[in-house]
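Asks: Could you have a look at this structure, given as structure tokens, before my questions?
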Amino acid sequence: MKYIEPHGHMVSRTTDDYQKMAMAGCEAICEPAFWAGYDRASVQGFYDYFRQLTEYEPARAAKYGIPHFCWLCINPKESEDAGFAREVLSIIPDFIDKPTVLGIGEIGLNKNTKSELAIFEEHVEIAKKFDQPILIHTPHLEDKLKGTKLIIDALKNANLDHSRVVIDHVEEHTAGLVLDNGFWAGMTLYPESKCTPARAIDILENFGMENIWMNSACDWGHSDPLAVVKTALEMGKRHYNKETIERVVYGNPKSFLQQCPNFNID
Ligand SMILES: [Zn+2]
């Protein structure tokens, strides 16, 4: 089946995962910059990470015939030291013109602190300056609703095109807020936490199948790089036809991502 993995942290995955994704029909992988499983000690650590995202990982994915794209930022988890975060922000323009860069992300909030919010707003300014789309991470569990509201308020103040912003990791209590404000919504499928395949399909049924994508995160924690495919199979069991399933797992992410000038998989 044809699908796109719109949010996969492939730097933490093995070549076996690339092979499985290729065999399952993955047509593109998009990798947001995020925490790497450990805190980086210097801006040089981010410089090397951005090189990994823009040079090494696309070459690794190409061996399995999958186009690889990425988003750039310093994640909220490592943004608590605003001085350090600003040093990282200062090197983003060095990479923004690389041929597989999609935009600024995944920025957002982790613990909803003042420093995280300040750095979030500075990222949004960079996105505006370079006319880039934005991918947003929302906090986990009890902080999610508050964090999503803070993010939406900041985006409204920034006065940008909401249809070029995707707010990821939505759940039942935040999906409506995101979609009603004209943003795209992302659902992250995890084996245990966040959305299971069954929960994700329930959300699609409650909020509609427009302007929403599903991703599997494929990160350094317990996650399943084939979660999108497994959810598509689950949709089949619920008697959705092939066209509807393909629209959700391929057409929708493609529609959003085509707003990024460097995204081209045809
Ligand atoms: Zn992520």
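Asks: Can you tell me which of 205-211, 166-172, 221-227 comes out highest on packing, and rank the rest after it, using the mean Cβ neighbours within 10 Å?
Replies: Working: 205-211: 13.7, 166-172: 23.3, 221-227: 18.0.
The most tightly packed comes first, giving 166-172, 221-227, 205-211.
Asks: To continue, here is another question. Counting only the backbone N, which residues of the stretch 147-161 are under 18 Å from the spot 7 Å out from the Cα of F130 toward its beta-carbon?
Replies: 161
Asks: Please sort 181-187, 72-78, 43-49 by packing, taking for each peptide the average over its residues of neighbouring beta carbons within 10 angstrom, highest first. Each step should come with its number before you reach the end.
Replies: Values: 181-187: 21.4, 72-78: 25.1, 43-49: 16.1.
Highest to lowest by the protection proxy: 72-78, 181-187, 43-49.
Asks: May I ask for the equivalent-ellipsoid semi-axes of the stretch 140-205, computed as the square root of five times each C-alpha gyration tensor eigenvalue and listed largest first in whole Å? Intermediate results must be reported in sequence, preceding the final value.
Replies: Values: eigenvalues 98, 33, 16 Å².
For the stretch 140-205, the semi-axes come out at 22, 13, 9 Å.
Asks: Considering the Cα positions of the stretch 123-266, please state its Rg to one decimal place and its Dmax as a whole number of Å.
Replies: Taking only Cα atoms of the stretch 123-266, I get Rg and Dmax of 15.1, 46 Å.
Asks: Provide the FRET efficiency to the nearest 0.05 for the M209-A62 pair, computing r from the beta carbons and using R0 = 35 Å. Each step should come with its number before you reach the end.
Replies: Details: r = 31 Å, r/R0 = 0.89.
Rounded to the nearest 0.05, the efficiency is 0.65.
Asks: Moving on to the next point. Please arrange S115, S216 by counting, for each residue, the other beta carbons lying within 10 Å of its beta carbon, fewest first. Mind dumping the intermediate values first?
Replies: Working: S115 15, S216 24.
Least crowded to most crowded, the residues run S115, S216.
Asks: Which ³J(HN,Hα) values, rounded to whole Hz and listed in residue order, are derived for the stretch 37-47 from phi using the Karplus coefficients 6.51, -1.76 and 1.60 in 6.51 cos²θ - 1.76 cosθ + 1.60 with θ = phi - 60°, glycine and proline given as x?
Replies: Along the stretch 37-47, the couplings run x, 7, 7, 7, 7, 8, 4, 4, x, 6, 4 Hz.
Asks: With the cut-off at 19 Å, report for the stretch 101-162 the share of all Cα pairs above it, as a whole percent. Provide the component values of the computation, followed by the final result.
Replies: Details: 435 of 1891 pairs.
Of all Cα-Cα distances in the stretch 101-162, 23 percent exceed 19 Å.
Asks: Restricting things to alpha carbons, tell me how big the stretch 77-195 is in terms of Rg and Dmax, in Å.
Replies: Taking only Cα atoms of the stretch 77-195, I get Rg and Dmax of 13.9, 39 Å.
Asks: Give me the base-10 log of I(q)/I(0) for the stretch 1-77 at each q in 0.17, 0.23, 0.24 Å⁻¹, Debye formula, one uniform scatterer per Cα, rounded to two decimals.
Replies: -0.63, -1.03, -1.10
Asks: Can you put L155, L135, L141 in order, fewest other beta carbons within 10 Å first? Walk me through the intermediate numbers first.
Replies: Details: L155 21, L135 29, L141 9.
Ordered by Cβ neighbours within 10 Å, fewest first: L141, L155, L135.
Asks: List, in order, the whole-Hz ³J(HN,Hα) value for each residue of the stretch 104-113 obtained from phi through the Karplus relation with A = 6.51, B = -1.76, C = 1.60 and θ = phi - 60°; use x for Gly and Pro.
Replies: For the stretch 104-113, the Karplus-derived couplings read 9, x, 8, 8, x, 10, 10, 10, 6, 8 Hz, x marking Gly and Pro.
Asks: Also, I was wondering about something else. On a full-extension model of 0.36 nm per residue, what is the gain between N264 and D202, subtracting their alpha-carbon distance, rounded to one decimal in nm? Could the numbers behind the result be given before it?
Replies: Values: separation 62, 0.36 × 62 = 22.32 nm, distance 3.10 nm.
Residue separation times 0.36 nm, minus the Cα-Cα distance, leaves 19.2 nm.
Asks: Another question about this same structure. Between the stretch 144-164 and the stretch 1-67, what's the alpha-carbon centroid distance in Å?
Replies: Cα centroid of the stretch 144-164 versus Cα centroid of the stretch 1-67: 27 Å apart.
Asks: Determine the shape class of the chain: with a ≥ b ≥ c the square roots of the Cα gyration tensor eigenvalues, call it rounded for a/c under 1.5, and otherwise prolate if a/b is greater than b/c, oblate otherwise. Mind dumping the intermediate values first?
Replies: Details: a/c = 1.60, a/b = 1.21, b/c = 1.32.
In terms of gyration-tensor shape, oblate.
Values in this text are rule-based calculations from the coordinates and carry no lab data. This is a predicted model, so every value here is computed, not measured. Glycine gets a Cβ as well: all are built from the backbone with ideal geometry, and neighbour counts include every protein chain shown.
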